[in-house]
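Asks: Have a look at this one before I ask anything.
The values are calculated or read from the model by the stated rules, or taken from the named source; none is laboratory data. Small disclaimer: the values here were computed from a predicted structure and weren't measured. We place every Cβ from the backbone using ideal geometry, glycine too, and count neighbours over all the protein chains shown. Each accessible area value is taken on the protein alone, full model and side chains, heavy atoms only, with ligands, DNA and RNA left out. Shrake-Rupley method; radii C 1.70, N 1.55, O 1.52, S 1.80 Å.
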Amino acid sequence: MAISFGVRKHIARWQRDGLIDGATAESLRKDINSRSSGFGLGGVLALLGAVLLGAAIVSLVAANWEAMPRLFRVGLIMAVLFIGYVGGAWRESSGDKIFSQALYLTAAMTFGAGIALVGQMYHLSGDAADAALLWVAGTMIAALFLRSPVLVSASVAITAFYLFCSLEPAGSGRLSYLWLVPILAFICAGLIWYTKGKAARHLIALLLIAYVIVVRFDLDQVGVLWLAALVGGAIFLADALRPRWLEQATHWSEALGGYGFTTLLMTLLFFQFELISDGVTGQVIYGFAILGCSVAGLALSGHRNLAVRWIAYTAFSLEVLYLAFETIGTMIGTAGFFLSAGVLVLLLATFVIRMERRLQKKSSKDGVTA
């Protein structure tokens, strides 16, 4: 990976400058190798190739679907599934961690396409949401038996597909996504623990954030925003105040803190922009709440959590510029606004530079005491 390569360059430089000895440098290199997943650019390209191959198979079969005998159609789908899952298991048993996952992903895509094509062929009743549920169930079972991290990530992605398919007014049991999506996310979390699929954890966090947004706009329920703000704030505070406990419990403390902080700020932004028609006063109140949360994020965990730090910087800067536009931007001309914006940006730069120095000092003190 590029990050590991950069760290190795620093290790070589430290050894060359005499900051560390040869034994320490070798120990650091071994630690990097032991923690590396080996899933770098080559793995990404292999998965991209699998996606394109799966799309090509689906397009080819769909284009010639009517010309094929019915039994041949089903046999073709089963053959691709067999090659993908059995071939992937064979490659994984040989120690291949990249192309085995690519074969698994090809099979999972073919399974989803097969559901749609077979349903069309036999005129089976159902809609896209029902097909997505069957697709995610089959992919989860495959992920369980094959212990594949890529199939877990695919399961989360298909769950998101089911979420958005459920928004169709003509769908049967349209509101069932309200309880099915959390259940599917919980099952995916268990599969992540079982398969050690770390990448899928980010997808679950993004799925749950999307779930909150969908519920808010689909049902017009403000309560879901308050619940999301409470949960996000609690997760952020757990990482900020008890990082060791959260790390021991989840082994994902900093990322959880970042996603919790993002959720908290996102809900405040929703409240702020919903008050646009009510005038500037309400927007300014929520704007100061966002600024306060940003400063609190920097003060509580910005020195150790890089995600929280940059989210706080971004939210603080954009909110200051937005409040300036809403309050003084309408009272002065274009030139005056740009002048004010330029001064604000320079002040923000000064704020960030000074805050970075303080956070670095605090991080150094914590490292010494630890």
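Asks: For segment 188-200: of the residues being open to solvent by less than 30 Å² (accessible area, probe 1.4 Å) and among the aliphatic types (A, V, I, L, M), which is nearest to SER301 (Cα to Cα)?
Replies: Taking segment 188-200 as the starting set, the residues that turn out to be open to solvent by less than 30 Å² (accessible area, probe 1.4 Å) are 188, 191-192, 195, 197, 200.
With among the aliphatic types (A, V, I, L, M) added as a condition, the list becomes 191-192, 200.
Details: LEU191: 30, ILE192: 26, ALA200: 24 Å.
If we take residues in segment 188-200 being open to solvent by less than 30 Å² (accessible area, probe 1.4 Å) and among the aliphatic types (A, V, I, L, M), then ALA200 is nearest to SER301 (Cα to Cα).
Asks: In addition: Please specify each residue of segment 85-109 satisfying the condition of being touching a residue at least 12 places away in the same chain (Cβ under 8 Å) and among the β-branched types (Val, Ile, Thr).
Replies: ILE98, THR106
Asks: I want to confirm something. Restricting to segment 192-228 and keeping residues that are within 14 Å of the chain's Cα centre (by Cα) and basic (Lys, Arg), which single residue is nearest to LEU269 (Cα to Cα)?
Replies: Among those that are within 14 Å of the chain's Cα centre (by Cα) and basic (Lys, Arg), it is ARG201.
Asks: Turning to a different aspect of this structure: Can you tell me which of LEU346, LEU321 is touching a Leu at 6+ places or on another chain (Cβ under 8 Å) and either more than 20 Å from LEU241 (Cα to Cα) or modelled with pLDDT of 85 or more (or both)? Break it down into steps so the answer makes sense when it comes.
Replies: Working: LEU346 fails: touching a Leu at 6+ places or on another chain (Cβ under 8 Å).
On inspection, the qualifying residue turns out to be LEU321.
Asks: Okay, next question. Which one of the conditions (1) open to solvent by less than 50 Å² (accessible area, probe 1.4 Å); (2) closer than 30 Å to SER294 by Cβ does CYS165 fail to meet, given that it meets all the rest?
Replies: All conditions pass for CYS165, except number (2).
Asks: What pairs come out if I take residues in segment 245-259 that are within 17 Å of GLY197 (Cβ to Cβ) and pair them with residues that are of a type in the set (Asp, Glu) and open to solvent by less than 80 Å² (accessible area, probe 1.4 Å) whose C-beta lies under 8 Å away, six or more apart or interchain?
Replies: These pairs meet every condition: LEU256/ASP239.
Asks: Yes or no: ILE353 modelled with pLDDT under 75, surrounded by fewer than 18 Cβ atoms within 10 Å (Cβ to Cβ) and out of contact with any Lys or Arg (no Cβ under 7 Å at 6 or more places or on another chain)?
Replies: On the way: modelled with pLDDT under 75: no; surrounded by fewer than 18 Cβ atoms within 10 Å (Cβ to Cβ): yes; out of contact with any Lys or Arg (no Cβ under 7 Å at 6 or more places or on another chain): yes.
Here the answer is no, as ILE353 does not meet what is asked.
Asks: Just give me the residues in segment 201-241 being out of contact with any helix residue (DSSP H, G or I) (no Cβ under 8 Å at 6 or more places or on another chain), open to solvent by 70 Å² or more (accessible area, probe 1.4 Å) and at pLDDT below 90, in sequence order.
Replies: PHE217, ASP220
Asks: Answer with yes or no whether ILE276 is at pLDDT below 90, open to solvent by 50 Å² or more (accessible area, probe 1.4 Å) and more than 26 Å from LEU227 (Cβ to Cβ). Steps first, please.
Replies: Working: at pLDDT below 90: yes; open to solvent by 50 Å² or more (accessible area, probe 1.4 Å): yes; more than 26 Å from LEU227 (Cβ to Cβ): no.
No.
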